[in-house]
Amino acid sequence: MNKKEGYLSLLSAENKSRYQHLELLAEGGMGAVFRGWDTQVVRSVILKFPKIELLQERAAMRRFTREAHT
């Protein structure tokens, strides 16, 4: 599994079909940022995914969520 597939595995089956043409823009200590096309609202979107190993760390997920909202 490559990096892109690893992050996209976090999407539900419903959301996997919703977002298309995902392109990795950046990757850092907390996760990765992708640009894609949202087929429901018909526009370009940015999606931020946490690193899989951070999902179990409550403090890390709070920080990730806070960063995603800025």
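The values are calculated or read from the model by the stated rules, or taken from the named source; none is laboratory data. Fair warning: this is a prediction, and the values are worked out from it, not measured in the lab. Using ideal geometry, Cβ is built from the backbone for each residue, glycine included, and neighbour counts are taken over all protein chains shown. All accessible areas refer to the heavy atoms of the entire protein, side chains included, with ligands and DNA or RNA removed. Shrake-Rupley method; radii C 1.70, N 1.55, O 1.52, S 1.80 Å.
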Q: Tell me which residues, restricted to the stretch 27-39, are at pLDDT 95 or above and more than 11 Å from the chain's Cα centre (by Cα).
A: W37, D38, T39
Q. Could you count how many residues in the stretch 1-18 are in a helix (DSSP H, G or I) and surrounded by 10 or more Cβ atoms within 10 Å (Cβ to Cβ)?
A. 9
(Q) For the stretch 26-70, give me the residue count where each residue is open to solvent by 60 Å² or more (accessible area, probe 1.4 Å) and touching a His at 6+ places or on another chain (Cβ under 6 Å). (A) 1
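Mind checking which residues of the stretch 19-70 are of a type in the set (V, I, T), in a helix (DSSP H, G or I) and over 16 Å from K4 (Cα atoms)?
The one that is of a type in the set (V, I, T), in a helix (DSSP H, G or I) and over 16 Å from K4 (Cα atoms): T65.
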